[in-house]
Each structure stands twice: as structure tokens, then as C-alpha cells.
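The values are calculated or read from the model by the stated rules, or taken from the named source; none is laboratory data. Values in this document were obtained by computation on a predicted structure and should not be read as measured data. Virtual Cβ from ideal backbone geometry, glycine too; neighbours counted across all protein chains shown.
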Amino acid sequence: MSRPPVPRLSQFILKVHSRCDLACDHCYVYEGPDQSWHGRPVAMPDEVITRTVQRIAEYARSSRLGTVQVVLHGGEPLLAGRPRLYRIATGLRSALRGVCGLDLMIHTNGVILDEKFCEFFAEQGIRIGISIDGDRAANDRHRRYADGRSSYDRVLRAIGLLRTARFRHLYAGLLCTIDVTNDPVRVYQALMQLEPPQIDFLLPHATWDHPPARGPGADAEYADWLIAIYQQWLAEGRPAQIRTFDSILSLLGGGPSFTEALGLDPAHVLVIETDGSYEQVDSLKVAFEGAPGTGTNVFADPIDAAARHPGVVARQQGQAGLGQTCQACPVVTTCGGGLYTHRYRGASGFDNPSVYCTDLFKLISHVSRRPPGRPDAVAGTPAHVLSGPGFRSLAGGFGGTAALTELIETQRSLVRGLLGAVYQKATNSPAVSASVQASLRRAWSVLADLDRQHPAALAATLRHPYLRAWAVRCLDRLDAATAGDAEGAGDAEAAGDDRPLPADLGHLGAIAATAAIRARAAAGVTVPVLGGAVHLPALGRLVLGAPPGRWPDEEEPGTATISVISNAVIIRVGDDCWTLGLTGLLAGVPDLTASPGNARVAGWQPVRVLSAPGISLPLDDIDPYRDCHEWPVAPRLSDTEFARWDHTFAAAWQLIQRDHAAYAPALAAGLAALVPVGPGQPGRDVSAAARQAFGAVAAARPSDPVTLALLLIHEFQHVKLGAVLDVCDLYDPADGRFFHAPWEDDRLFHAPWREDKNQLESLLQGAYAHLAVTDFWRVRRQTAAGPAASEAASRFELCRAHSREAIKMLANSGSLTPLGVAFVAEMRHSAWPRPERIG
Amino acid sequence: MRSTDEVSTVLLDLRAVPLEKVPTLSPAALGRMVRRARTETPAPAPVAGFNSALSRY
């Protein structure tokens with residue numbers, strides 16, 4: 001009989017603190033038979049930290065691990081304090097540098113998680129999971145302080161921090177321990193409102209000696225509880241990862257499990273206690289006193305010694321390690337006997353089915369009979385589809401008018417969803433005053449009426465690229481305000497302005513006014529005065545002069561009202577009033593009339609339009625939300641500078657139509673705004689696209705039309721691909737979010753045009769842009785003359801080599817979804833045009 | 001890719017959903033859309049010495 005292989009451990013649970021600031025009555029650490037925590041150090045001492053780090057690095061090296069995951073755990077790990085956590089994090093990074101990747105997480109009850117902790121975790125790249133059991137009633141059933149106080153508000157505040165833009169990337173997910181006396185769908189909905197990327201529903205730890213609580217006569221109520229959530233989750237289009245369901249679905253399809261509680265994969269977890277003891281999975285504490293122990297520790301033994309412990313090896317045997325009942329079960333490959341701990345019975349050890357056997361059988365059977373259908377069926381609302389030819393055309397680097405129209409339509413849905421989310425969140429936020437909420441309701445009512453009666457006018461308004469950037473900013477600030485960040489002031493300061501939240505939210509009124517103007521429909525809304533101007537997105541702004549005699553420190557009025565009547569737009573600021581002719585306003589040549597007796601002067605600045613045969617392109621140098629690109633935006637251009645832009649653009653567009661005609665239809669259909677940015681360093685052309693500004697390209701005016709043509713083609717590649725990525729998963733998002741830390745080298749890629757490594761999506765963006773740029777220089781080497789032709793030829797060779805190498809890396813990454821494989825295959829066809837195509 | 005030569009997407013088609021009903025979509029559905037809309041393409045650190053926007057990814 002051959003000796004079983006030594007387990008390959010890759011996840012290490014570090015018990016950095018052995019006490020907790022809560023006294024949850026369902027806790028397996030303190031409430032189970034194993035009370036070993038009493039005799040352990042309260043916090044992991046430095047000598048244990050040092051030795052632990054060395055042992056993990058030693059094991060990772062000898063086992064040639066690609067990545068180790070280390071989870072900082074307790075007790076309550078935050079009680080260990082930032083200095084100790086810092087020593088652990090930096091020690092691990094230092095020891096594992098050049099050995100393997102490190103995915104570092106912390107799992108906390110969240111009650112003392114504050115901004116300083118979050119900043120520390122952001123610096124250290126530590127992702128955060130939080131325990132919460134549902135809504136207030138569900139959570140407080142068990143998760144209370146020792147004196148019985150609720151922990152709910154503090155936990156909610158912690159999660160609020162993780163939902164802000166600053167820390168969202170650290171938000172790993174929520175862990176919920178099931179209590180079947182809670183309403184499952186209410187629990188699910190309460191958790192989903194917290195926007196977690198992942199939820200883990202845990203069966204309460206139990207054994208045959210200490211079985212789970214069940215109602216009289218009930219035999220599978222844990223399955224029933226989970227099935228109710230599964231059905232809701234399916235109906236909502238699986239909006240977050242739920243580890244139990246994702247694992248069952250994956251296992252049923254022949255894939256891996258994402259939890260050791262399911263499937264036959266070998267367990268890979270080792271616990272290291274505060275005294276340096278190696279222990280088996282800590283849920284074993286509910287089996288019997290000393291159950292997790294291995295008799296080994298970091299001072300005396302390498303990790304291999306713990307890995308050879310019979311208890312650890314027993315969890316590596318797959319189906320052969322299960323009892324006869326399980327081996328004969330039709331769902332054994334999915335169930336895997338459930339969690340090892342749950343099989344324990346004093347008389348027979350672990351050679352039993354799970355104490356949750358009937359639940360697991362029922363749940364797995366249910367999921368196998370009701371797999372997900374279309375991913376996005378929500379109460380009869382279908383998902384967008386893209387046409388196959390359009391998708392392939394875009395994937396090849398081009399995309400005609402029809403393909404771009406499909407992308408435009410998806411963005412329309414996205415912006416409608418965002419508008420609804422901003423309205424919903426703002427009108428339910430305690431951080432937004434009643435008067436601001438009332439203004440928002442008026443604006444929303446106008447938008448809803450226009451949606452019913454003038455849908456084309458609303459659709460045209462929603463195409464403005466910076467509405468999405470505005471909405472995302474509002475949502476970020478509302479989240480920050482909910483988290484107690486003084487009306488989101490932190491985010492506003494980070495964005496480089498001091499615009500109050502009500503001013504940002506009030507822009508909804510300006511959007512409604514613009515739509516009403518386009519529809520020529522009567523409406524009245526309140527709008528903010530931003531930077532001394534009243535804005536109508538994509539149309540222009542009324543710039544207010546100071547009233548004579550005003551003291552310098554006298555406050556500007558915060559709002560204005562806009563009334564749209566039969567053929568005019570009336571803007572009122574305080575006691576002053578101006579009227580714009582509606583027809584002229586829509587044509588870009590409005591006549592502005594000031595009311596007699598106005599105390600101040602004002603001037604209308606329209607959004608000017610660049611024009612060339614076959615295209616009209618707004619040059620937007622005034623939108624208050626356009627500053628979302630990589631480079632600072634330029635202020636309002638002079639008429640002379642605009643004329644230079646117009647001249648250069650006309651020549652560039654002529655060049656695109658003549659020499660790069662394959663790109664012209666997409667540009668003509670999808671380019672919605674050109675935004676001037678400040679000049680770069682001498683000799684450096686500056687341009688950008690932003691994911692949250694579909695249709696916009698930002699650029700400093702280049703010295704010649706050839707360069708502008710190149711910049712437009714290049715940046716619009718990012719616009720197109722960003723919109724595709726908005727609606728299609730081209731690579732496995734789990735790669736970055738759950739199984740590998742995105743900042744770790746082993747999931748980064750070395751793009752041929754950069755010296756450092758980057759994430760897969762960056763490589764994809766770069767490769768997609770290079771496709772078009774290669775094509776540009778391919779043509780240019782033939783149309784240019786003299787030195788320009790030579791330079792074009794050398795650029796063509798370099799770009800072609802880069803794009804081909806990048807496409808090969810993408811194809812071999814192993815991270816592409818089937819759709820991503822199809823997308824990259826089309827990129828490959830473009831990069832290796834017949835007959836040069838590689839095999 | 002589907003056999004009808006269409007590509008399924010992960011985005012709800014809200015064009016036919018009346019705007020006034022959009023805020024009443026389930027928090028999960030709306031939340032998923034918002035998460036998608038908030039997604040930024042990861043921006044690597046600028047590389048010194050490059051003279052082209054092409055180097056930024």
C-alpha cells in the first residue's frame with residue numbers, strides 16, 4: 001500500500017489575537033468543547049511572528065507554491081493592533097519576495113474597523129472580510145457584546161467604509177452564519193444592500209454529538225433556507241458571488257470547489273495559533289477538547305511536519321477517505337462529505353456522513369435540477385445582447401456603425417440605471433437634506449415625464465459622456481456620507497474641489513432641464529450654481545458676473561431655477577433673470593436677454609462644435625464633470641484657440657476618412673465629445689480616454705493633423721473596449737478578486753511596451769490600442785514621404801511586434817472566459833492578417 | 001457565443017423599463033449595475049521616459 005502524498009498546504013490562518021470584543025453565542029472558538037484559547041497568549045508574540053513567517057517562506061520555497069494565502073484571524077484580529085499587523089504583513093512580504101505571491105486577507109467582526117485601519121490595509125494590500133448575519137434583527141440574534149449590546153451599527157459603519165471609492169478594492173466579502181429562524185430572503189436582501197463582491201453562508205458548526213438546532217419534525221430546513229436564497233439569487237441574475245452556490249455549480253460542471261466544505265479536493269488549510277502551534281482547521285474545536293491539535297509548532301517543526309499529521313492527511317484522500325454511505329451517494333463528488341468537522345461522532349470519529357447530510361443532498365439536488373439560465377433575467381427584464389458580427393468586428397479592432405450603436409444602447413441602459421441609483425440613494429440618505437431631496441424629486445418627475453412623452457430627447461441627453469462620471473461621483477460621495485465622512489468631503493477634497501454634495505446632486509436638475517429643452521417641453525427645475533455658472537450639460541453655461549457692490553467675501557447664490565416655456569429658457573439667480581431663445585440655444589447660437597433691473601451681468605458660453613464633412617463633434621471645455629481623465633482639463637478655450645482646433649480636426653478627419661476608412665464609421669457613430677486638456681511636456685503628445693466617459697476623447701491639441709488622427713483612433717480603441725468590458729466578461733474576474741491579489745506578481749503580465757508588470761485588463765487595453773496604432777503606421781509608411789515614411793515604417797514594425805506579443809500573452813494567460821477567447825482570437829486575426837496567420 | 005450568433009451580456013436592458021421604475025429595481029440588480037458602471041480600467045503607474053500615450057497600459 002503506497003504512502004499517501006504529503007498535503008500541499010497553501011492557505012495559512014494566523015491567529016494573531018486570541019480574544020474577541022464580541023461575545024457571539026454561536027462562536028465555535030469560545031462556545032465549543034475546545035477551550036484551549038484560555039491558555040494561549042492573548043496576541044501573537046514577536047518571536048512567534050518571526051518564526052511563522054520563516055516557516056511559511058521555507059514551506060512555500062520547498063513546495064514551489066505559486067501563491068500563498070494568509071488570513072489574519074482570531075479571536076478578533078484587529079485587537080492585535082496596527083503595529084503588530086504591520087510587522088506580520090511586512091515580514092511576510094519580505095520573506096516571500098522572490099519565492100511566491102502573497103494574498104493577504106483579514107477576517108474581522110468589523111466593530112473597531114475605522115478609517116485608519118482601512119488606510120493601513122490599503123497601504124499593505126490587505127483585503128478585508130467581515131462577519132454579519134443579515135439585517136439588524138438577524139445579526140443581533142447572536143452577534144452581541146458581552147453585556148448584550150447590539151454590534152450592528154458599528155459593523156454597518158465598517159462596511160460603509162469598504163463601500164467608499166477609497167477602500168472598495170479592499171472589500172473581500174461578507175460572512176454570514178445561518179440561523180434558520182431568520183427569514184432567508186430578508187437576510188439575503190439585507191446583505192445584498194451592502195454591495196458585497198462575495199457572500200459566504202456558513203452552516204453553524206455542529207457534530208453528531210452536538211447536532212444543529214432543528215424544528216420539530218424538520219429534517220432539511222438548512223437546505224430549505226439556502227434554497228430560498230438560491231432562487232432569489234438566480235432571479236436577480238446572481239448579482240454577487242455566493243461561495244456555496246458557486247461551488248456547487250462549479251462542481252456540477254466538473255470544475256473546482258471554492259470552499260473546503262464541498263467537493264473532494266484536498267484540504268489546503270493550516271492554522272497557526274498565537275503560541276505558534278500548528279493546528280488543523282479550527283472548526284474542529286466544536287468536536288472535542290484538543291481536536292485541532294497536531295502536537296507540532298513553529299519553533300520545533302517545519303510546516304511539513306504538520307502537513308503529515310494523520311488528521312491533515314485524512315482530509316486529502318478524496319472519495320476514498322469517505323465512509324461507505326458517502327461513497328455510495330449519487331452526489332458525493334459535489335458534496336464531498338461536507339465539512340470534515342460536521343462528520344464527527346464520539347463513537348466513530350469522522351467516518352460518518354455529515355450531520356447536514358440531508359440538507360446537502362437536498363440542496364445539491366435542487367441546484368442540479370435548477371441551474372442558472374440566462375444570467376440577467378430580472379423580473380422579466382432581459383439582458384442586452386450584441387450581434388455576433390458586431391462583436392467580432394469590434395474584437396478585430398474596428399466596429400462599424402451598427403456595432404457602435406449597440407454599444408451606445410448598452411451605455412444608455414447603464415446611465416439609466418445610474419440615474420435611478422443616484423435618485424434612490426439620495427432620496428433615502430439621511431445625509432441629504434429634505435429641501436435637496438425635494439428638488440431631486442422635482443427633477444426626477446421631469447425626467448420621468450420626458451421618458452414617457454419624449455423618449456428620443458431624453459436618450460439624446462443621456463448620451464452626454466460626463467453624465468456617467470457625474471453619477472459615479474455622486475454615488476461615491478453618498479456612500480462616503482453614509483459612512484460618516486462629513487457629506488463625503490474627503491472624496492471631494494481628493495477630487496481637488498470643495499463642491500458640496502447638494503451641488504453635485506443638484507446637477508440632476510440640470511440634466512432634466514437639458515432634456516426638457518431638447519424636447520421643447522415645459523418644465524421647471526432647481527439647479528446648482530457651479531463655479532459661478534449655471535450649466536446645461538452638452539449645451540453650454542451661463543457665466544455670472546459679480547453684482548456691483550458685492551463684498552468679496554459675500555457668498556454666491558448656491559442655486560438657480562430654470563424654466564422651459566414655449567420657445568424660451570428662463571434662468572433665475574436670486575433676483576436676476578435671463579432669457580435664452582430655445583431655437584437658437586439648440587442651434588448653438590442663442591440670443592440672451594437680460595431682464596431690466598438685473599444687478600449683475602452674465603454671458604452665455606455654448607458648447608462649440610468641431611465640424612468636418614461627415615462628422616460634427618462637440619468640443620466640450622465647460623462641463624463641470626469632465627475632469628475625469630488622466631490629465632487635468634484645460635479651461636475654456638479662446639475663440640482663436642477653438643479655431644485652431646477646428647482647423648486641425650477638419651484636416652485630421654479628412655485623413656482618417658481617406659487613409660484609415662475602416663475606423664471612420666465607429667468614430668463618426670460613437671465619438672461624442674472632444675475635451676481639451678493642458679499641454680504635456682514639450683515633445684510629448686497628451687491624450688486620454690476614461691472608462692466612465694463613454695464617447696469622449698481628451699487631448700491636448702497636437703501640432704499637426706496626422707498626430708490628431710492617430711490620437712483619435714488610438715483613444716477611441718479604449719472607448720470601444722471599455723464599453724465592451726462594461727457588458728461582457730472577457731476574463732475571469734475571480735482571478736483578481738478572490739483567488740489572487742491583483743497586486744501580486746504571479747497574476748501580472750509584462751506588456752512588451754512597459755518595463756513593469758500590469759494586470760490582465762491593462763494588457764488587453766494596451767494590445768487593443770496597439771492593433772489600431774499598428775494599422776495606422778502600416779498605412780502611413782505608404783502614404784508619407786521621405787523621413788516621415790521611414791519613421792512610420794519603423795513604428796509599424798515595433799507596434800506590430802508589440803501587439804503580436806501581447807496578444808500571444810493574452811491567449812496563453814489562462815484567464816480568458818470563452819467570450820474572451822473568442823475576442824482575442826479576432827484580435828489575433830487582425831494582428832496576423834492572411835496569409836501570415838500563425839497556427 | 002450563442003448559436004443564434006448573438007453575444008449575451010451581463011447588463012440589464014433598461015431601455016424599456018420606465019425611468020420612474022428604475023429606482024424600484026431590486027437593490028441587488030441596481031447594485032450590480034452600479035458596480036459595473038463604477039469599474040475603472042486599472043491604471044498602472046506612469047512610466048518615466050516613454051513619450052507616447054501608448055505606453056500607459
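Quick one: count up the residues across the stretch A:583-603 that are outside any strand (DSSP E or B) and buried (at least 18 other Cβ atoms within 10 Å of the Cβ). Spell out the reasoning first.
Restricting attention to the stretch A:583-603, the residues satisfying the condition of being outside any strand (DSSP E or B) are A:583-591, A:595-601.
Those left that are additionally buried (at least 18 other Cβ atoms within 10 Å of the Cβ): A:585, A:590.
The number of residues fulfilling the criteria is 2.
Can you list the strands (runs of 3 or more DSSP E) found entirely within the stretch A:611-715 that contain at least 3 residues being in contact with a Ser or Thr (Cβ under 8 Å, 6 or more places away or on another chain)?
Values: elements: A:615-619, A:673-676, A:696-699.
Where strands (runs of 3 or more DSSP E) fall fully within the stretch A:611-715 and carry at least 3 residues being in contact with a Ser or Thr (Cβ under 8 Å, 6 or more places away or on another chain), they are A:696-699.
Checking the condition modelled with pLDDT under 95 and crowded, with 22+ Cβ neighbours inside 10 Å, which residue from A:544, A:580 passes? Step through it out loud before you land on a result.
Numbers: A:580 fails: modelled with pLDDT under 95.
None of the others qualify; the one that does is A:544.
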**Report entry** Residues being farther than 30 Å from residue B:31 by Cα and touching a residue at least 40 places away in the same chain (Cβ under 8 Å) - total across the stretch A:208-255
**Finding:** 7
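Pull up the stretch B:11-24, narrow it to residues that are farther than 15 Å from residue A:409 by Cβ and either modelled with pLDDT of 90 or more or in contact with a helix residue (DSSP H, G or I) (Cβ under 6 Å, 6 or more places away or on another chain) (or both), then point me to the one that is farthest from the other protein chains (Cβ to nearest Cβ). Reasoning before the result, please.
First, the residues of the stretch B:11-24 that are farther than 15 Å from residue A:409 by Cβ: B:18-24.
Retained after the next criterion (residues that are either modelled with pLDDT of 90 or more or in contact with a helix residue (DSSP H, G or I) (Cβ under 6 Å, 6 or more places away or on another chain) (or both)): B:18-23.
Working: B:18: 6, B:19: 4, B:20: 4, B:21: 8, B:22: 3, B:23: 4 Å.
Restricting to residues being farther than 15 Å from residue A:409 by Cβ and either modelled with pLDDT of 90 or more or in contact with a helix residue (DSSP H, G or I) (Cβ under 6 Å, 6 or more places away or on another chain) (or both), the top hit is B:21.
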Report task. State yes or no: is residue A:768 closer than 30 Å to residue A:410 by Cα, at pLDDT 95 or above and of a type in the set (Ser, Thr, Tyr)? Result -> yes
Report summary line: Residues in the stretch A:228-237 that are closer than 17 Å to residue A:187 by Cβ and buried (at least 19 other Cβ atoms within 10 Å of the Cβ) total 4
Report summary line: When residue A:434 is run through (1) hydrophobic (A, V, I, L, M, F, W, C); (2) touching a helix residue (DSSP H, G or I) at 6+ places or on another chain (Cβ under 6 Å); (3) more than 8 Å from chain B (Cβ to nearest Cβ), the failure sits at (2)
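Residues are listed down the side, and each one gets a yes or a no for (1) at pLDDT below 95; (2) crowded, with 21+ Cβ neighbours inside 10 Å:
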residue	(1), (2)
A:329	yes, no
A:399	yes, yes
A:402	yes, no
A:410	no, yes
Report task. Would you point out the residue of the stretch A:453-475, among those that are free of Cβ contacts under 8 Å to residues at least 60 places away in the same chain and within 10 Å of chain B (Cβ to nearest Cβ), that is surrounded by the fewest Cβ atoms within 10 Å (Cβ to Cβ)? Result -> A:455
Query raised in the report: Of the residues in the stretch A:164-196, how many are surrounded by fewer than 19 Cβ atoms within 10 Å (Cβ to Cβ), within 13 Å of chain B (Cβ to nearest Cβ) and either touching a strand residue (DSSP E or B) at 6+ places or on another chain (Cβ under 8 Å) or not aliphatic (A, V, I, L, M) (or both)?
Result: 5
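Of these, A:386, A:440, which one is part of a helix (DSSP H, G or I) and in contact (Cβ under 8 Å) with a residue 24 or more places away in the chain?
Details: A:386 fails: part of a helix (DSSP H, G or I).
After applying the criteria, what remains is A:440.
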Requested in this report: Could you tell me which of the residues A:23, A:43, A:60 is of a type outside the set (Asp, Glu), in contact with a Cys (Cβ under 6 Å, 6 or more places away or on another chain), in contact (Cβ under 8 Å) with a residue 12 or more places away in the chain and in the same structural domain as residue A:129 (by TED's automatic domain parsing)?
Outcome: A:60
